[in-house]
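The values are calculated or read from the model by the stated rules, or taken from the named source; none is laboratory data. Since the model is a prediction, treat every value here as computed from it, not as a measurement. We place every Cβ from the backbone using ideal geometry, glycine too, and count neighbours over all the protein chains shown.
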Amino acid sequence: MFGFLGPEIVKFVDMREALLTFVCARAKKAGSACKVRLVLPGCKTKKVDLNLRIVTSRPSSGAKGHICVGFVIMSEEFLGELEDLLRSYAERPDLGMAARRSPRLPISLKTMGRELPGFSCVTVDISQHGVRLNCHGAMKQGQVVNLILESDVASVDNMRVRGRVVWCRENKEVKGYLVGVEFVEITPAQADALERYNKSLAGRLRGNVMHRQIADGEITVRPDGAEEEAIIKPPSVAGGPPPPPPTS
C-alpha cells in the first residue's frame, strides 16, 4: 500500500543488526534506495519512517507482496533502540515458513580470502545464507569476496563460497571490524555443504557429548543401530578407579 503524501507503508518481519526484513506491495531492486513507513499500534510513536538500501527482494508465498531485506541508513547507536521498538509494537504478517531463514550459529572458523584485510579473519557466526566475520580492517559495503571457511566437522570439507558485504562496522569489544556477508551465486554442491555443516553445528551446540561426537563424525552408527566406540575416549575422572590392565 502506498501513501499519497508519505513513504510506502510496509509490514515488519524481523530486524538483525542493521538489516530490516519487511513485506511490501511491490518488488524492489537490489542496491536501490527507498523510504518506508512502519505503523506502531499501541505506541505513542504511531509510526516510524526509515531510509533503506535494498539488499534482496523476492516474492512471498505466505502473503501478498514481496519479502525484502534492506540496510537501515541510521547511526549505529540508535539501531538497538529501533529494533526494540519494532519488536514490541510493529504488527507482523503471518508468513509461516516463507519468511524464516536458517538461524545464525556462533562459531569461530579461520577464514581466508584475497579480498579480506590481511587475507584472513575469523567467523563470529554462520548460517546457510551468510556469515559474520571479525576482520583486521574495514570492508566496503557491496564488495564481493571469495572465502574459504575451514571446516571443523570431519564429514564436511572446507567450504568455498562467494559473498557480498552487506554491512561493516567497528568492533568495540575487540580490535577490528565486524562484517556481515551474504552468500551469493551458491552452487547446489556448496548449498549442500553449508546445510550439512549447519545441521552438524546445531546438533553439536545443543547436544550432549555423544551427540556432539555423532554430529562431528567421531561415532558411526551401524545398520542395526548399535553405535561404534568413539575414536577418542573421554579421560577417566580424577580420583576414580584405575583403568583395567590390557589383555594379552
Exercise for review: Scan segment 22-72 residue by residue and report those that are closer than 25 Å to residue 88 by Cβ, assigned to a loop (DSSP other than H, G, I, E, B) and either modelled with pLDDT of 90 or more or of a type in the set (D, E, K, R) (or both).
Suggested key: 40, 44, 46
Check your understanding: In segment 48-95, how many residues are exposed (fewer than 14 other Cβ atoms within 10 Å of the Cβ), farther than 14 Å from residue 19 by Cα and in contact with a Leu (Cβ under 9 Å, 6 or more places away or on another chain)?
Key -> 4
Exercise for review: Please tell me if residue 180 is modelled with pLDDT under 90, at positive phi and not in a helix (DSSP H, G or I).
Suggested key: no
Review point. Among (1) surrounded by fewer than 14 Cβ atoms within 10 Å (Cβ to Cβ); (2) within 27 Å of residue 78 (Cα to Cα); (3) outside the structural domain of residue 64 (by TED's automatic domain parsing), which single condition is residue 135 missing?
Key: (1)
Check your understanding: Can you spot a residue in segment 206-227 that is at pLDDT below 85 and among the hydroxyl-bearing types (Ser, Thr, Tyr)?
Key -> yes
Practice item. Considering only segment 166-186, state which residues are surrounded by fewer than 12 Cβ atoms within 10 Å (Cβ to Cβ) and either β-branched (Val, Ile, Thr) or touching a Cys at 6+ places or on another chain (Cβ under 6 Å) (or both). Key: 174
Revision key, fill the gap. Among (1) assigned to a loop (DSSP other than H, G, I, E, B); (2) surrounded by 13 or more Cβ atoms within 10 Å (Cβ to Cβ); (3) not small (Gly, Ala, Ser), residue 194 falls short only on (1)
Review point. Does residue 113 satisfy being at pLDDT 90 or above, buried (at least 18 other Cβ atoms within 10 Å of the Cβ) and of a type in the set (Gly, Ala, Ser)?
Key: yes
Check your understanding: Of 154, 189, which residue is surrounded by fewer than 14 Cβ atoms within 10 Å (Cβ to Cβ), assigned to a loop (DSSP other than H, G, I, E, B) and not polar (S, T, N, Q)?
Key -> 154
Exercise for review: Answer yes or no: is there a residue in segment 147-160 that is over 19 Å from the mean Cα position of the chain (by Cα) and among the acidic types (Asp, Glu).
Suggested key: yes
